[in-house]
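Okay, structure first, notes after.
The values are calculated or read from the model by the stated rules, or taken from the named source; none is laboratory data. Note that the coordinates shown come from a computational prediction; the quantities given were computed from them, not determined experimentally. Here the Cβ positions follow ideal geometry from the backbone for every residue, glycine too, while neighbour counts run over all protein chains shown. Heads up: the accessible areas ignore ligands, DNA and RNA and are worked out on the full protein's heavy atoms, side chains in. Shrake-Rupley method; radii C 1.70, N 1.55, O 1.52, S 1.80 Å.
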Amino acid sequence: MPWRAEAHTTPELESLLASPERPIVLLPKHADSRLSEHIAPRPGGNRLPLCPTRRLHDLLLNDFGGPLVATSGNLSGEPVLTDNAEAQTRLAHLADAFLHHNRPIVRPADDPVYRVIAGQPRPLRLGRGSAPLELELSVSLPEPVLALGSHMKNTLCLAWGTRAVRLTAHR
């Protein structure tokens, strides 16, 4: 894969990238990376988001001959744009090109995002392919608990006993 020259990886992380969940995996950038410093410029921005989530991405990355930055089509803090014309209009100032599909997006879903924390890949955001997620709690709850997220990316979690089930709802 061309991105191996840009980021540090391990067999475990490559296995996660190839798993059915196909998450975005944040990897540390090589010191001699050819990629712009403007990619992932946030604090700790030396982490590259690698996400060959579809076979088409694999084909593009392998045949393009250089680094390729792709996005799901939304501005930071906003939901994914599902209309091709609206995406092209609203994102024209950010993108050099657009890859559209002739199938409508019926149910937009975020990709899951993972990062290595304390030596283990940990989810930063669950998404398509990883929700619902059931977790075992280390203590038993005295009564059921319902936790709700807010705004555009709604989340809910129902916990009882030593079980917690996290669901994702999309608007």
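Listed values, structure above:
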| read-out | value |
| --- | --- |
| Residue count, region 88-122 (criterion: surrounded by 14 or more Cβ atoms within 10 Å (Cβ to Cβ) and aliphatic (A, V, I, L, M)) | 6 |
| Residues (modelled with pLDDT of 80 or more and surrounded by 14 or more Cβ atoms within 10 Å (Cβ to Cβ)) located in region 125-144 | 133 |
| Matching option when the condition is in contact (Cβ under 8 Å) with a residue 24 or more places away in the chain, more than 19 Å from the chain's Cα centre (by Cα) and farther than 24 Å from residue 4 by Cβ, among 133, 137, 141 | 137 |
| Selected residue (criterion: nearest to residue 59 (Cα to Cα)) from residues of region 114-130 that are in contact (Cβ under 8 Å) with a residue 12 or more places away in the chain and small (Gly, Ala, Ser) | 129 |
| Criterion violated by residue 26 - all others in (1) modelled with pLDDT under 80; (2) in a strand (DSSP E or B) satisfied | (1) |
| Unmet requirement for residue 111, which otherwise passes all of (1) under 16 Å from residue 128 (Cβ atoms); (2) free of Cβ contacts under 8 Å to residues at least 40 places away in the same chain; (3) acidic (Asp, Glu) | (2) |
| Subset of region 145-160 (residues that are open to solvent by 70 Å² or more (accessible area, probe 1.4 Å) and touching a residue at least 60 places away in the same chain (Cβ under 8 Å)) | 153 |
| Positions within region 11-33 being loosely packed, with under 13 Cβ neighbours inside 10 Å and touching a residue at least 12 places away in the same chain (Cβ under 8 Å), in sequence order | 12, 20 |
